Structures are given as C-alpha cells and as structure tokens.
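The values are calculated or read from the model by the stated rules, or taken from the named source; none is laboratory data. Since the model is a prediction, treat every value here as computed from it, not as a measurement. Methodologically, a virtual Cβ is constructed for each residue, glycine included, from the backbone with ideal geometry; neighbour enumeration extends over all protein chains shown.
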Amino acid sequence: MVKDLSNFQIQYIKGVGPKRSSLLSRLGIKTVKDALYYLPYRYEDRSNIKKISDLIYGNMETVSGKVVSAEVKKLPGRNLKIFELLVNDGSSLLKGKWFNQPFMKKNFKIGQEVLLCGVVKRNPYWGIGFEMDNPEYEIMTDDDSLVHTNRIVPVYRVTSGLSVRQIRSIMFNIINTCIKDVHDTTPAEILERNALPGLRESIANIHFPDTSADVELLNRGTSNFHRRLSFDEFFMLEIGLAVIKRNRVLEKGISFSPKGAILDRFIEILPFKLTKAQERVFSDILKDMKSHYPMNRLIQGDVGCGKTIIALMAMLVAAECKYQSALMAPTEILAEQHFINIYRVMEDSGLKICLLTGSGKDKPLNKIASGEIDIVVGTHAIIQEGVIFKNLGLIVIDEQHRFGVMQRALLRKKADNPDVLVMTATPIPRTLALTLYSDLDYSVIDELPPGRRPVKTLLFNSGHKDQIYNIIREEVKKGRQIYVVYPLIEESEKTDLRSAITGKNAFERLFPEFKVVLLHGRIKAGDREEIMASFKRGEIDILVSTTVIEVGVDVPNATLMLIIHAERFGLSQLHQLRGRIGRGSHNSCCILLAYEPYGDEARKRLDIMVKSSDGFRIAEEDLNIRGPGEFFGTRQSGMPDLMIANIVRDATLLNEARLEAFNLIDRDPDLKGFPPLRKSLETFWEGKIELFKTG
C-alpha cells in the first residue's frame, strides 16, 4: 500500500521516536515529506580525506584524527576561556579552538576518532602550525561507516539535542524505506523537454550523492538534482500565477468611457510637460480601463520618474465616469504624503478626497459608503471590515513588495472587479518582474523629467566631519537647502546610533546663523505638513529628519543630503532618500556618513551607491547582497515561500518554469488532465489564495 508521506509522522521512522520527533519539529520536520525536503546546507567529500600535513592555509578542509588532548585555557588578563582540542592523524597535528565554550570539553575523550571541518589557519604566536577556529566536528564510531565516511557526506542544520550525525542517520533510514512512496506530479513531457531527472532520483541524490558527483555544484545548490527541485517550486508558483491571471481574464470588469474633459483640464494646469515614457504608460492604462476586463497592471519606475501623476490621471478617468478610487500606501506617513500631494494638485477640481489610516481619528466611513468621497488615500485600513465603498472602480497600490497576492485579493472584494494599478519605485530586473508578477501586466517609466541632473554621491567616515560641515556651510551660503537624515528619532540605551533630536541640537550649535528644524514621524501630521511647506518656501536652511522624507514634497532648491549612519540603511532606502534631491536645475550631492566598524554587506551597499544612480543596477546589486527572500519580502507578500529555489541564482530556470506553466494552463485551464498535479498545486498555495473555484 502506498503511504501518504505528507501525513506519515516522523516519529514512526526507525531511530526517531517521540523525544527526537519533538526536537525535529523545531526544524520544521513533522512528517516524512518535511524530512525529504529538509535539504543539506553543504556537503563534505569524505571519500578522500586529506592528511593534516597536506592542508593548505586559508582553505576550507576536512580532517580525521585521534584526540591527543582536550583542555580549557584562560587568557591572561582577559575574561576569556578557550577550549583547545589537539588532533593527530599520524602525519601531523591540528588544533581546534572554540572561544568561550568551556563546556565543549565534556564532549571529547583522549583517543577518540574525530572529524573536524573548518578554515585552516596558521598561528603565528605559539603552538603548532595548523589551526581551525570554531570548526564543525563529528565524533566517529565503528557503525554507520557507509553513511558518515568514505563518501560525499550531507551536512544538515541542527538544533540543540540533535547532532548532524543523528540527523544524517535518520535521513538515511528515510531514503531507504520511503523513497519508493514519492510520486512525481510534474508531467513527464515537461521534464523531458527541460532535461530534468525524476523526483525520486533527485531527492535520493541530493541527500546522499554518488561519489562521482561534483561537490562544488552540490554546495552551490545547482546540481541537476537540485535544479529539478528548484524547477518544481517555480513551476508550482507560476502555475498558480497563470491560474490567477486566467481567472481575471474570464471576469467581466468595468469598461470606463471618459469624455476626457477633467483630464484635459488637469494636464493643462500641470506646471510641467509629461515625458514620452509617462504618456506611453498612461496610454497602456487608459487602454486597460476602457476594456471589458479588469486591469491588473504593474508600473515600475525609478525615484522621481512621475508615477504618482500617472496614477492620479487614472483616478480622474474613474471620477469622470462616476467611480471612486482608492490609493493604498504601505505606511501612514507615506499615505499622508500622498494625500497632501494629491490634495494640493486637486483642490480646485471639485473632487472630494479623504485620508483613512489606522490611527486617524476622523474616519469618514459614511461619506465613503454614500459615494460623496471620490478618492480615498490610506493604508491597510482601507481593506479592513467596515470600510464600504459605494462604487469603487480603481485601486492604486503604492510599493508592490509590501502588498502581495492576498492583499490585492482582499481589496478586490471591496467592489465588483475594480481595476488595479500597482506602483513600485523599487526597480526589479525586468525578467524577474515579468516572472514574479506574472499575474500582472507590466509597464516601465524609463525616463526622468527634463532638467533632472544626476546626483553626485560621496562616502565619508566620522573623521571627515569638518570637511562635511564646510560643504554644508558653502551650500547654504549659495542660497541652497540641506536635508540631514538620521536612522532614529531619539537615543536609545540598546544602540549606539546617533539620533535626529541630538543631531538637530548639534547642528544648531554648529550653525547658529542658519535656521535648523526637526522633522520626524511623531510630530502631528498637520505640523509635519507645515514644516515641509516652510522648507519648500525656503524658510528653513537645514531640515534634520528621519526617513519620513523618503516620499514627500519636491523641493528643487534642496541640493545637499547628508545621511548619518548610512551603513545602517538598506540599499533601496538609500536610493529612495537620494531621490529627494536633484529635482531642480542646480548640481546636487548626497553625502553618506558611515561609522566604522561595519561589515562587508554594508560596504558593498555604500560602494554601489557611490558608483551608480541607476535604480535598476542598484536593484540587481541589492538582490545579490540581500538575497531574494528579504528583497521581495515574500513572507509578507502572500506568495508561497520558496524553500529551495533562488530567483537570482536560478533565474533561467524560473523563466523556463514560467513558460511551461502558462502553456499548460492555456491548454488545460482547470488541470482536468492532471489530477495529481492539481492536488499538489492546491497544497502549495494552501492558505494563500483559492485557485480553483469549487461549487
């Protein structure tokens, strides 16, 4: 009888039992299926272990030998204990060192056979030549030699109470007893077309590779067997997106038929001319809005390219056709800024606009329900229960990364298939955007308004403060204005970061002749608006702020931005902040002030900021530095988590999976010819969105 591995509890596997089962559950392993997909995070080639005498300094190496001594040493004059393990393999000695872990001593006995894996170092001060700091270790025994030695060995992440060796033995038992119950749901013709191996073969070889396998490919997660499992995840993701997109195409939407009078009047009074890219993208939107199908379009464009104006034009089309619009921003401050900016532009149009946020006391729910309000600007509060629209026709979502498939689905329930327009200023490489947002159509505003000058970016450390102050003084004397951005509002005992409040006081002392004002998120919305208006009028010389200015009022006269603790900001946030300057005809400069010490990731972020002002290039680097999970925020986005695949490393595979998925749904929209695949798909998307309507 075939077992259902997703319901086969791990405790019934040989070598597990109730106690180990509870430890494995900490790793997310509750069933046999969970275990099969709990992959090794690296591999060691123990089919040919090096002699200690042949080790190369700086290399990651694995050695095997007998314990000669195991001692805890205290460093003189310092409250630091080091556990030292001396190992001999007959060719030479190697010392393993663990810092502030004296309890390690009880794990070892003289004469034991051990395996150590780590980076080989030379100790120039005392003792023997070869050392490893905090190496991974295994104590060898006579049993299980087929599992733990003389082969390429999988290394798994562990939890307290379970060793790598124990998990490896459990995995070996699972592969031997349960692999026959693994069933492939991906159509054979698709596997064949993409030269991918079978699922059983792939899972078995990922856990226990053949001795002839390429260890480097295994460790990179790009062996053909890894590629198969990555393809499966992408394939499931893309089939889901293909089904969502198809369902929308089948739905009847609003066909807007504007006369264009309001829109023409609005364009006439704009103090600037739309760019060709803005005109092209609005043409895409207008075509979508006039069609009988619901619009689902992603607009992507760099900071300052004019996305909000395009969204506003779409709202005017809806308003002229007697439909309401909702603009949803990810934070209250961004929602307030959008409201202020839209209100300024629209106050003479006769349209009614309101702000709806979680903390806002005035919630005009009756006016929204009666249709008296034309445009609602807000946060997640818009999708809460109790917010009812009379005639919602258009939803605009700002910053797609923070609103995923599920949030979009909740918003759509507020009306009968409204049009959806998604804006993001976080550039995403085009191939990834097409793939990750396959349920959306896609437009790019790839042109900045005329007169926008590139912003020069400089990196300074804390030893250059006098130089920075001189630059600020010179800039203000020319009649220009300055932003100074801090990561925090006020000092905290938990961190050594400088704060905006302390900074404002310091800048007042440094520049008593200049007007210095503080702006942050705790200041009341009305007061914040007045401060920004005053800054725009040129009445403030230096605006000391937190990241509340990330999206805000255009101040063409602001030509210098100083970002304090730039090493603590994310790359896309630094790029967004820098986008506040360079909006006028004067040369602009962004100074990144970084405080040592900071890590390699921070250094890479700061270097790319200095080298490039291209949002797409910065996005690619950000993706490489942070990794896809964090970059796209998939855990919050309502998309299923990718446990194995990596959208950067496996970009080609992702595209192949997308093509196969969309082709399959074109041929068989309900997957009637593939019942097991349909069941797997529903499991993959479970708790996210219902793909196939039942009943």
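Brief remarks follow.
Yes or no, residue by residue, for (1) in the same structural domain as THR559 (by TED's automatic domain parsing); (2) acidic (Asp, Glu); (3) modelled with pLDDT of 90 or more:
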{"site": "GLU620", "(1), (2), (3)": "no, yes, no"}
{"site": "ARG658", "(1), (2), (3)": "no, no, yes"}
{"site": "LEU664", "(1), (2), (3)": "no, no, yes"}
{"site": "PHE674", "(1), (2), (3)": "no, no, yes"}
{"site": "LYS679", "(1), (2), (3)": "no, no, yes"}
{"site": "PHE692", "(1), (2), (3)": "no, no, no"}
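- All conditions but one from (1) assigned to a loop (DSSP other than H, G, I, E, B); (2) surrounded by 15 or more Cβ atoms within 10 Å (Cβ to Cβ); (3) without any contact (Cβ under 8 Å) to a residue 60 or more places away in the chain apply to SER212; the one that does not is (2).
- A search for C-beta distances below 6 Å between a residue of the stretch 444-464 that is of a type in the set (Lys, Arg) and any residue that is modelled with pLDDT of 90 or more, counting only pairs 6+ apart in sequence or on different chains, returns LYS456/CYS589.
- Residues located in the stretch 517-554, provided they are under 30 Å from the mean Cα position of the chain (by Cα) and assigned to a loop (DSSP other than H, G, I, E, B): HIS520, GLY521, ARG522, ILE523, THR546, VAL551, GLY552, VAL553, ASP554
- Qualifying residue in the stretch 26-39 (condition: free of Cβ contacts under 8 Å to residues at least 12 places away in the same chain, of a type outside the set (Asp, Glu), more than 28 Å from ILE152 (Cβ to Cβ) and surrounded by fewer than 16 Cβ atoms within 10 Å (Cβ to Cβ)): no
- Wholly within the stretch 29-102, strands (runs of 3 or more DSSP E) carrying at least 2 residues that are of a type in the set (Ser, Thr, Tyr) and farther than 22 Å from GLY221 by Cα: 60-74
- Wholly within the stretch 240-352, helices (runs of 4 or more DSSP H) carrying at least 3 residues that are at pLDDT below 85 and touching a Ser or Thr at 6+ places or on another chain (Cβ under 8 Å): 332-346
- Evaluation of LEU593 against (1) more than 28 Å from the chain's Cα centre (by Cα); (2) under 16 Å from VAL484 (Cα atoms); (3) not polar (S, T, N, Q) (one fails), failing number: (1)
- Residue check for ASN173: at pLDDT below 90 and either in a helix (DSSP H, G or I) or surrounded by 13 or more Cβ atoms within 10 Å (Cβ to Cβ) (or both): no
- Residues located in the stretch 532-542, provided they are surrounded by fewer than 20 Cβ atoms within 10 Å (Cβ to Cβ) and in contact (Cβ under 8 Å) with a residue 12 or more places away in the chain: ALA533, SER534, LYS536, GLY538, GLU539
- Across the stretch 141-164, the qualifying residues are those that are buried (at least 16 other Cβ atoms within 10 Å of the Cβ) and hydrophobic (A, V, I, L, M, F, W, C), and the one among them that is modelled with the lowest pLDDT is VAL147.
- Where a residue in the stretch 362-389 is free of Cβ contacts under 8 Å to residues at least 40 places away in the same chain and surrounded by 14 or more Cβ atoms within 10 Å (Cβ to Cβ) and its partner, wherever it lies, is outside any helix (DSSP H, G or I) and of a type in the set (S, T, N, Q), with Cβ under 8 Å and at least six apart: ALA381/THR357
- No other residue among ILE167, ILE179 is at pLDDT 90 or above, touching a Lys or Arg at 6+ places or on another chain (Cβ under 7 Å), β-branched (Val, Ile, Thr) and under 11 Å from HIS207 (Cβ atoms) apart from ILE179.
- Evaluation of HIS520 against (1) without any contact (Cβ under 8 Å) to a residue 40 or more places away in the chain; (2) surrounded by fewer than 19 Cβ atoms within 10 Å (Cβ to Cβ); (3) touching a Ser or Thr at 6+ places or on another chain (Cβ under 6 Å) (one fails), failing number: (2)
- PRO454 falls short on exactly one of the conditions (1) in contact with a Cys (Cβ under 7 Å, 6 or more places away or on another chain); (2) at pLDDT below 85, and that condition is (1).
- The listed residues are ASP264, ASP302, and the only one of them that is without any contact (Cβ under 8 Å) to a residue 24 or more places away in the chain and of a type outside the set (Val, Ile, Thr) turns out to be ASP264.
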